[in-house]
Amino acid sequence: MKKKIAFIDHNFHQKTRSGDFLREILKREFSINDYWWSFSNKYNLINDVKQYDYFFFFQSLLPLEDLLKIKDKQIIWAPMYDNLDKSKNFWKKIKFLNIKILSFSDPIKKLCEKYGCNYLSLKFAKKEKFIKSKNKKKVNIFFWYRNNVSIYDWIDCFNIKDINQILYLDRPDPGRESEKINLQDLRKYKIKLLKKDFFSKTKYLKLIKNCDVFVCSRKQEGIGMSFIEALAMGKYLIFHNDFTMKEYVKDKKIGLSIPRNLSKKIDTTFILKSYKYRYFHAIDLYNNWSKNKNKLIEFCNSDRKSDFNNPIYYFYFVKDYLRKIKFYFDNLLT
């Protein structure tokens, strides 16, 4: 009989299904029960799942104080670099709770090494169908506006005459507003504006397949599913020089980091001629992922290194409780 694991994920991912590649691996060993949290139920969810022996958290954890209730169980967490708490206080608690870390970026790996946490480092990759561009000189560019990367951050890398079309998906992240582009710039840069709350995965990938250049929509990524898919199709990447993107781009044939002062514009002919180089680079990444991904099963089942008897780790939790009590009484007295 398969062991049961609670896969705990944000309810937004019910649409995007971005954690499914991990479910595909885990289901070989475990019977998976999904639990979707939102900010309204995050603080009650622990009572629904504490009967399990294995817990897998994708991207976000429950409050660490709640995890004290299951500290004797197997807890595995795949954090995302772009929204990670990097403080000493936080990582000492992670160490105390003996949470196993599945790392998809070098900075997370270094945090685990610094604080002595148990971790497995993997680099995710995908395999997509290679589509050769029909263009000879001019490029089609795909850009999804999400939050902190603007079209004006990268558009000057190109000569306007070398752009056939910019496919601009205007779908900001929750809490963000669309960026303002005047009518003159829409015409000048040959922008085709798409406004839609949600695209199916098939439709989204079709949009990317019809382009030559993919502009990464965030300055930082947790895994970077969208740019990994684009790279797997041989697309040229425009990205901020941060994690995780720069871990995948080894030279200028694959992509260009911004911001940078260019003495000359991007040679789009070079982009169109170097498709296969990028595609075979992505194949190498995918082969490496295929070879190592099943280590996750062994990692989930590995022995836990307990620090529960070390009193110094309780200090980090007690300190937070005292801070909350002080905050409560300060408000009571005002």
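The values are calculated or read from the model by the stated rules, or taken from the named source; none is laboratory data. Computed from a predicted structure; not experimentally measured. Note that each Cβ is placed from the backbone with ideal geometry, even for glycine, and that neighbours are counted across all protein chains shown. Keep in mind that these areas ignore ligands, DNA and RNA; they rest on the heavy atoms of the full protein, side chains included. Shrake-Rupley method; radii C 1.70, N 1.55, O 1.52, S 1.80 Å.
A compact table of results
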{"quantity": "Residues within region 128-152 that are more than 14 Å from Leu237 (Cβ to Cβ), crowded, with 16+ Cβ neighbours inside 10 Å and either at pLDDT 90 or above or among the basic types (Lys, Arg) (or both), tallied", "calculated": "5"}
{"quantity": "Residue within region 270-290 that is touching a Cys at 6+ places or on another chain (Cβ under 9 Å) and on the phi < 0 side of the Ramachandran plot present", "calculated": "no"}
{"quantity": "Any hit, region 218-230, residues being closer than 30 Å to Arg28 by Cα, more than 16 Å from the chain's Cα centre (by Cα) and modelled with pLDDT of 85 or more", "calculated": "no"}
{"quantity": "Hits in region 10-31 - residues which are surrounded by 13 or more Cβ atoms within 10 Å (Cβ to Cβ), closer than 16 Å to Phe299 by Cβ and touching a residue at least 24 places away in the same chain (Cβ under 8 Å)", "calculated": "Phe21, Leu22, Ile25, Leu26, Glu29, Phe30"}
{"quantity": "Residue within region 193-209 that is touching a Phe, Trp or Tyr at 6+ places or on another chain (Cβ under 9 Å) and closer than 17 Å to Gly255 by Cβ present", "calculated": "yes"}
{"quantity": "Yes/no for Phe227 being of a type in the set (Phe, Trp, Tyr) and under 20 Å from Ile151 (Cα atoms)", "calculated": "yes"}
{"quantity": "Residue ranges of helices (runs of 4 or more DSSP H) in region 160-237 with at least 1 members open to solvent by less than 40 Å² (accessible area, probe 1.4 Å) and hydroxyl-bearing (Ser, Thr, Tyr)", "calculated": "201-209, 225-232"}
{"quantity": "Odd one out for Gln59, checked against (1) under 26 Å from Asp106 (Cα atoms); (2) polar (S, T, N, Q); (3) out of contact with any strand residue (DSSP E or B) (no Cβ under 8 Å at 6 or more places or on another chain)", "calculated": "(3)"}
{"quantity": "Residue tally, condition touching a Pro at 6+ places or on another chain (Cβ under 9 Å) and of a type outside the set (D, E, K, R), over region 154-203", "calculated": "2"}
{"quantity": "Hits in region 32-70 - residues which are within 22 Å of Glu298 (Cβ to Cβ) and either part of a strand (DSSP E or B) or open to solvent by 50 Å² or more (accessible area, probe 1.4 Å) (or both)", "calculated": "Ile32, Asn33, Asp53, Tyr54, Phe55, Phe56, Phe57, Phe58"}
{"quantity": "Per-region count, region 51-76, residues touching a residue at least 40 places away in the same chain (Cβ under 8 Å), farther than 30 Å from Tyr248 by Cβ and among the aliphatic types (A, V, I, L, M)", "calculated": "3"}
{"quantity": "Matching residues, region 238-250, being touching a residue at least 40 places away in the same chain (Cβ under 8 Å), outside any strand (DSSP E or B) and not aromatic (Phe, Trp, Tyr)", "calculated": "Thr244, Glu247"}
{"quantity": "Test: residue in region 77-90 that is more than 18 Å from Trp37 (Cβ to Cβ), of a type outside the set (D, E, K, R), open to solvent by less than 30 Å² (accessible area, probe 1.4 Å) and touching a residue at least 40 places away in the same chain (Cβ under 8 Å)", "calculated": "yes"}
{"quantity": "Test for Tyr81: is it over 15 Å from Gly19 (Cβ atoms) and modelled with pLDDT under 90", "calculated": "yes"}
{"quantity": "Close pairs (9 angstrom Cβ cut-off, 6 or more residues apart or separate chains): at negative phi in region 146-162, assigned to a helix (DSSP H, G or I) and open to solvent by 30 Å² or more (accessible area, probe 1.4 Å) anywhere", "calculated": "Ile160/Lys188; Asp162/Thr269"}
{"quantity": "In region 276-303, residue nearest to Ile254 (Cα to Cα) [restricted to those that are open to solvent by 80 Å² or more (accessible area, probe 1.4 Å) and among the basic types (Lys, Arg)]", "calculated": "Lys276"}
